[in-house]
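The values are calculated or read from the model by the stated rules, or taken from the named source; none is laboratory data. On a predicted model such as this, the values are computed, not experimentally measured, just so you know. Don't worry about glycine lacking a Cβ; one is built from the backbone with ideal geometry, like all the others, and counts go over all protein chains shown. Note: areas computed on protein heavy atoms with side chains; ligands, DNA, RNA excluded. Shrake-Rupley method; radii C 1.70, N 1.55, O 1.52, S 1.80 Å.
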Amino acid sequence: MKAAISLESVTIRTELRPGDIGYVIYMHGDIYSKEYGYSLGFESYVAESFVEFYKQYDSTLDRVWICEHNEKIVGFLALMHRNKAAQLRYFIMEKPYRGIGLGKKLMDLYMSELSSLGYESSYLLTVDELPAAASLYKRYGFRLTEEKPFSDFGKPLMEQKYELALH
């Protein structure tokens with residue numbers, strides 16, 4: 001019998017290691033293809049933007065949270081500096097790890113760092129077919145500020161921008 005997954009059984013580390021970037025890109029391509037029917041265009045977008053994140057990574061301004069269970073990455077979140085704003089990026093979690101409080105824990109960590117690093121605001125880009133994620137963002141004070149049609153991921157979507165003012 002398989003043991004139940006608990007929040008306590010997941011560890012979170014805060015430094016990137018070799019293999020992490022490729023694996024997180026793979027997770028996005030695999031999960032979004034299987035669960036939402038996204039094309040390779042989505043995985044390519046994540047790959048290109050992750051290269052940008054890595055190249056401009058500054059440990060005094062940026063953060064990563066890598067969730068692991070049994071030595072396997074099961075979730076990820078990044079805080080990326082954008083001048084005085086922070087962008088919430090690459091928030092992803094394997095299906096068995098949803099609903100155990102891990103998303104809330106990652107958002108708590110994100111919000112704590114956002115505040116301690118002195119950012120004035122934060123934002124994220126997402127799409128309209130992720131209502132559970134949108135609900136989580138709204139609980140932390142993010143507000144939907146923009147919507148526009150978008151089809152780069154192989155199907156028609158509404159790209160959404162959520163913003164949070166801190167001061």
With the 1.4 Å probe rolled over protein heavy atoms, the range 74-167 has an accessible area per residue in Å² of 49 Å²
Report the antiparallel proportion of the DSSP beta bridges in the range 21-167 as a percent, rounded to a multiple of 5.
90 percent
For the chain, with all protein chains present and a 1.4 Å probe, just round the carbon and sulfur fraction of the accessible area to a whole percent.
53 percent
Any idea which of 150, 11, 54 is furthest toward the positive side of the dipole for the chain, if Lys and Arg beta-carbons carry +1 and Asp and Glu beta-carbons -1?
11
Working out 0.36 nm times the residue gap between residue 60 and residue 151, then minus their Cα-Cα distance, what length gain in nm do you get to one decimal?
29.2 nm
Accessible area per residue in Å² at 1.4 Å probe, computed on the range 1-73:
61 Å²
Taking residue 161 as the anchor, which lysines have their alpha carbon closer than 16 Å to its alpha carbon, excluding any fewer than eight residues away along the same chain?
138, 148
What does the charge count near residue 132 come to, summing +1 for each Lys or Arg and -1 for each Asp or Glu among other residues with Cβ under 13 Å from its Cβ?
+2
Scan the range 31-123 for GluC sites (Glu not before Pro) in coil per DSSP, keeping those whose Cβ has at most 10 other Cβ atoms within 10 Å, and list them by number.
71
What is the total of Lys pairs in the range 1-102 with C-alpha atoms under 23 Å apart, excluding same-chain pairs fewer than 8 positions apart?
6
Would you list the membrane-span-like helices of the chain, meaning whole DSSP H runs whose alpha-carbon atoms span at least 20 Å along their axis and whose mean Kyte-Doolittle value is at least -0.5?
20-36, 40-55, 102-116
